Amino acid sequence: MTSLRRSLLAATAASLAAPALAQPSWPNGPIRLVAPFPPGGSTDALARIFQPHLQQALGVPIVVENRTGASGAIGTASVARSAPDGNTWVLVFDTHAVNPALIPNMGFDTERDLTPLLMFGTAPMALTKHRARPWGNFAEVVAAAKARPDTITFGTIGNGSLAHLTMALVSKAAGIQLVHVPYRGGGPLAVAAVAGEVDLPIATRPAIGAHVDSGALVPLAQTSASRSPTMRDVPTLAEAGVNGIDARAFWGFLGPANLPVPIKQRMEAELRAALAKPEVGQRVQALGIDLDPQGEPVFARLLANQIATWGRVVRENNIRPD
């Protein structure tokens, strides 16, 4: 082999190796976990549950940042616009799949601009009544609503929320007319529910579970197709006479689009390892979440289905945000 040929081969090998050598190792600095809702909500709670475990496993500071507004869209947008370097992530729940239909100018595409890394689990909502209301079950609510349309109220965390959209389906399926009373979040709804301001509060257990446990609110039905382990004694809507509805909140962990595969694999592995620890998994379940970790392929399909389903409900019922 001539010296010229040897030099050319060496130069080619060096050029091929350069990009790999130039790739910085990850993690290589502080990592942001964006909670797109105020402190006290479920996404904020999840971020703070994972924070110390990820910090220990990854060896870098993990910073929880609350960037609130527009039903979570503002904080999520900041992640969608971030560099795909593994240093910025967001925790979302069901509003993430409803926002595209309610907020047409979010500034990012929910499916194209984000990586749905891991869904932690789901939870049905509990359709409840204040304990002073006379109905013994949901069938009695339906009978009362048919006898006196537009007199029975239901309360949710806001216009366009999953609970609002679900009750639009319930009302149509049951042939009744109810009055929607939207509140600005789970806290205000819970206060109003206990005070008896609305007839039928509906929310996930993180919002109203304590008041169900105390007896102030009485569950009439849950909104998933099958009974949740956290509400084994509560009938599903189908069991209560309303078929065809499976409405569950979900919680998940996303990053920007185009993340390198090694970063995705490492972060997903560390999240799953954290969930496998009893002190983490039990705290997540205590939020009312039925743990069912699902990776990117399953999570992406679920998001696509949720976006299509709830977008159709928004359009058909002419629902507008607050």
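At a glance:
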{"read-out": "Matching option when the condition is closer than 29 Å to Arg315 by Cβ and touching a strand residue (DSSP E or B) at 6+ places or on another chain (Cβ under 8 Å), among Ala145, Ala123, Ala168", "value": "Ala123"}
{"read-out": "One residue from Ala216, Ala144, Ala207, Ala221 being out of contact with any Asp or Glu (no Cβ under 8 Å at 6 or more places or on another chain) and surrounded by 23 or more Cβ atoms within 10 Å (Cβ to Cβ)", "value": "Ala207"}
{"read-out": "Residue that is farthest from Thr43 (Cα to Cα) [pool: residues in the range 192-233 that are small (Gly, Ala, Ser) and out of contact with any strand residue (DSSP E or B) (no Cβ under 9 Å at 6 or more places or on another chain)]", "value": "Gly215"}
{"read-out": "Qualifying positions in the range 75-90 - touching a residue at least 60 places away in the same chain (Cβ under 8 Å), closer than 19 Å to Arg48 by Cβ and not β-branched (Val, Ile, Thr)", "value": "Asn87, Trp89"}
{"read-out": "Selected residue (criterion: nearest to Leu302 (Cα to Cα)) from residues of the range 251-266 that are loosely packed, with under 13 Cβ neighbours inside 10 Å and in contact (Cβ under 8 Å) with a residue 40 or more places away in the chain", "value": "Asn258"}
{"read-out": "Residue in the range 82-141 that is nearest to Pro30 (Cα to Cα), counting only those that are basic (Lys, Arg) and surrounded by fewer than 22 Cβ atoms within 10 Å (Cβ to Cβ)", "value": "Arg112"}
{"read-out": "Where Gly241 falls short, out of the listed (1) out of contact with any His (no Cβ under 7 Å at 6 or more places or on another chain); (2) on the phi > 0 side of the Ramachandran plot; (3) of a type outside the set (A, V, I, L, M); (4) at pLDDT 95 or above", "value": "(4)"}
{"read-out": "Only one of Ala163, Ala132, Ala145 that is more than 13 Å from Ile208 (Cβ to Cβ) and in a helix (DSSP H, G or I)", "value": "Ala145"}
{"read-out": "Residue check for Ala308: over 17 Å from the mean Cα position of the chain (by Cα), small (Gly, Ala, Ser) and part of a helix (DSSP H, G or I)", "value": "no"}
{"read-out": "Total residues in the range 64-119, condition under 21 Å from Ala274 (Cβ atoms), part of a loop (DSSP other than H, G, I, E, B) and in contact with a helix residue (DSSP H, G or I) (Cβ under 7 Å, 6 or more places away or on another chain)", "value": "1"}
{"read-out": "Matching residues in the range 224-246 - criterion: being within 15 Å of Asp290 (Cβ to Cβ), hydrophobic (A, V, I, L, M, F, W, C) and touching a helix residue (DSSP H, G or I) at 6+ places or on another chain (Cβ under 8 Å)", "value": "Met231"}
{"read-out": "Exclusive hit being without any contact (Cβ under 8 Å) to a residue 12 or more places away in the chain, farther than 22 Å from Val34 by Cβ and crowded, with 16+ Cβ neighbours inside 10 Å, set Gly281, Gly311", "value": "Gly281"}
{"read-out": "For Thr236: the one exception among (1) modelled with pLDDT of 95 or more; (2) within 20 Å of the chain's Cα centre (by Cα); (3) more than 28 Å from Arg48 (Cβ to Cβ); (4) surrounded by 16 or more Cβ atoms within 10 Å (Cβ to Cβ)", "value": "(2)"}
{"read-out": "Candidate set from the range 176-191 (those that are within 13 Å of His130 (Cβ to Cβ) and touching a strand residue (DSSP E or B) at 6+ places or on another chain (Cβ under 6 Å)); member that is surrounded by the most Cβ atoms within 10 Å (Cβ to Cβ)", "value": "Leu189"}
{"read-out": "The range 25-45, subset modelled with pLDDT of 95 or more and out of contact with any helix residue (DSSP H, G or I) (no Cβ under 6 Å at 6 or more places or on another chain), residue farthest from Ser161 (Cα to Cα)", "value": "Pro30"}
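The values are calculated or read from the model by the stated rules, or taken from the named source; none is laboratory data. A quick note: this is a predicted structure, and the numbers were derived from the prediction, not measured. In this analysis, Cβ positions are derived from the backbone assuming ideal geometry, glycine residues included, and neighbour counts consider all displayed protein chains.
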